[in-house]
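*Asks:* Structure incoming, see below.
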Amino acid sequence: VFAANGDNRIRLANRIAATTRGRFPVVTTTPNGFIQGEVELFWPLLVKTLGLFPQFPLRLRPENEQEQAARFWQPRFLSGELLIEGWLEAQTVRRGLDFLQLAASAAIPAEDLPVLLPEGMPPGFAPEAVWQNLGQAIVNWRDWCLERSLLTYGVMTELYWRHLLPQPLYREKLLGRFCGVFVDDLDEFPPVTAEWLRVLFQADLPAAITWNPQGKVRLGVGADPERLEAELKPLCDVIAQARPN
């Protein structure tokens, strides 16, 4: 059972437990929680596939990620490669890490960022070369983390959709662990959610999704309702409710 955030997950879990009286085993999670759990559980498979260093991964908290990335990019700041007018170094680091997370959440390879950042930024805000440098710095940061088995939200998300989910062995194990899926308020989810939902749909697992046309509260901060609707709605039987429960 997927909820958009931790607070909703707790409320949903309590409601399910009260309704079913605990008669059925139910796993409740969020997109981020699901990805983190799967990457850590199947880390040996990723080590084998990507040739990573065979040690248990260490998850970096956001504040540690910020500090380590700032140190890693310091030579680029000193050379002027990453200097953006009006941005402090700490702001550039935080936004660079956010770009990695947003790209991963949209199922966009990090290697595309040196091209996408110059295209997406307002003209005249900074030279095109600076955005290209920042995109490449993000790729280098991701690789540095993987070499040391360090996991951040962005790194884990890309590992999941790009390297773990496509593997037949992983899909076999995933489909063997769950007998159905329920997604609440899909309009608040990141577009990467479609990657694993399609796998579950193709396996004919029973599935139910709720969608709030007046929701979309996370539009612009990781969610892409229009893309999710375009990709998944054709696979579903739609039932409109005048007064959703």
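The values are calculated or read from the model by the stated rules, or taken from the named source; none is laboratory data. No experiment lies behind these values; they were computed from the predicted model shown. Ideal geometry is used to build each Cβ from the backbone, glycine not excepted, and the neighbour counts take in all protein chains shown. Keep in mind that these areas ignore ligands, DNA and RNA; they rest on the heavy atoms of the full protein, side chains included. Shrake-Rupley method; radii C 1.70, N 1.55, O 1.52, S 1.80 Å.
*Asks:* For the stretch 104-114, does any single residue satisfy the condition of being within 12 Å of the chain's Cα centre (by Cα) and either under 21 Å from Trp87 (Cα atoms) or assigned to a helix (DSSP H, G or I) (or both)?
*Replies:* yes
*Asks:* Checking the condition in contact (Cβ under 8 Å) with a residue 60 or more places away in the chain and either part of a helix (DSSP H, G or I) or within 16 Å of the chain's Cα centre (by Cα) (or both), which residue from Leu134, Leu146 passes?
*Replies:* That would be Leu146, the only listed residue that is in contact (Cβ under 8 Å) with a residue 60 or more places away in the chain and either part of a helix (DSSP H, G or I) or within 16 Å of the chain's Cα centre (by Cα) (or both).
*Asks:* Moving on to the next point. Being open to solvent by less than 30 Å² (accessible area, probe 1.4 Å) and among the polar types (S, T, N, Q) is the filter here; which residues of the stretch 1-27 pass it?
*Replies:* The one that is open to solvent by less than 30 Å² (accessible area, probe 1.4 Å) and among the polar types (S, T, N, Q): Thr20.
*Asks:* Farther than 29 Å from Ile35 by Cα and open to solvent by 30 Å² or more (accessible area, probe 1.4 Å): which single residue out of Gly124, Gly120 fits that description? Step through it out loud before you land on a result.
*Replies:* Values: Gly120 fails: farther than 29 Å from Ile35 by Cα.
Step by step, each of Gly124, Gly120 is checked, and only Gly124 is farther than 29 Å from Ile35 by Cα and open to solvent by 30 Å² or more (accessible area, probe 1.4 Å).
*Asks:* Still on this structure, please answer the following. Inside the stretch 143-161, can you point out the residues that are open to solvent by 20 Å² or more (accessible area, probe 1.4 Å) and of a type outside the set (Asp, Glu)?
*Replies:* Of everything in the stretch 143-161, those that are open to solvent by 20 Å² or more (accessible area, probe 1.4 Å) and of a type outside the set (Asp, Glu) turn out to be Trp144, Leu146, Arg148, Leu150, Tyr153, Trp161.
*Asks:* Just wondering, is there one or more residues in the stretch 214-225 that are more than 20 Å from the chain's Cα centre (by Cα) and open to solvent by 60 Å² or more (accessible area, probe 1.4 Å)?
*Replies:* yes
*Asks:* Please pick out the residue among Leu169, Leu200, Leu228, Leu175 that is aliphatic (A, V, I, L, M), assigned to a helix (DSSP H, G or I) and in contact with a strand residue (DSSP E or B) (Cβ under 8 Å, 6 or more places away or on another chain).
*Replies:* It is Leu200.
*Asks:* When only residues in the stretch 162-203 that are without any contact (Cβ under 8 Å) to a residue 12 or more places away in the chain and within 23 Å of Ile16 (Cα to Cα) count, which is most open to solvent (accessible area, probe 1.4 Å)?
*Replies:* Residue satisfying both the conditions and the ranking: Arg177.
*Asks:* Among the numbered criteria (1) at pLDDT 95 or above; (2) exposed (fewer than 14 other Cβ atoms within 10 Å of the Cβ); (3) among the β-branched types (Val, Ile, Thr), which single criterion is violated by Val39?
*Replies:* Status for Val39: all satisfied but (2).
*Asks:* Which condition from (1) open to solvent by 40 Å² or more (accessible area, probe 1.4 Å); (2) without any contact (Cβ under 8 Å) to a residue 24 or more places away in the chain; (3) in contact with a Leu (Cβ under 8 Å, 6 or more places away or on another chain) is the one that Arg59 breaks?
*Replies:* (2)
Matching residues to (1) in contact (Cβ under 8 Å) with a residue 60 or more places away in the chain; (2) closer than 24 Å to Leu146 by Cβ:
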| residue | (1), (2) |
| --- | --- |
| Asn8 | yes, no |
| Arg21 | no, no |
| Val26 | no, no |
| Ala70 | no, yes |
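*Asks:* Right, next: Select from the stretch 42-56 the residues that are out of contact with any helix residue (DSSP H, G or I) (no Cβ under 7 Å at 6 or more places or on another chain), assigned to a helix (DSSP H, G or I) and not charged (D, E, K, R) and write down the one among them that is surrounded by the most Cβ atoms within 10 Å (Cβ to Cβ).
*Replies:* Ranking the qualifying residues of the stretch 42-56, first place goes to Trp43.
*Asks:* Tell me, please, whether a residue that is small (Gly, Ala, Ser), within 30 Å of Glu231 (Cβ to Cβ) and modelled with pLDDT of 95 or more can be found in the stretch 66-78.
*Replies:* No, that holds for no residue.
*Asks:* Now a separate question. Among the residues of the stretch 62-103, what is the count of those that are open to solvent by 20 Å² or more (accessible area, probe 1.4 Å) and in a loop (DSSP other than H, G, I, E, B)? Before you say what the answer is, go through the steps one by one.
*Replies:* Step one: list which residues in the stretch 62-103 are open to solvent by 20 Å² or more (accessible area, probe 1.4 Å), which gives 62-64, 66-68, 70-72, 74-76, 78-81, 83, 85-91, 94-95, 98-99, 101-102.
Subsequent filtering for residues that are in a loop (DSSP other than H, G, I, E, B) retains 80-81, 83, 85-88.
Total meeting the criteria: 7.
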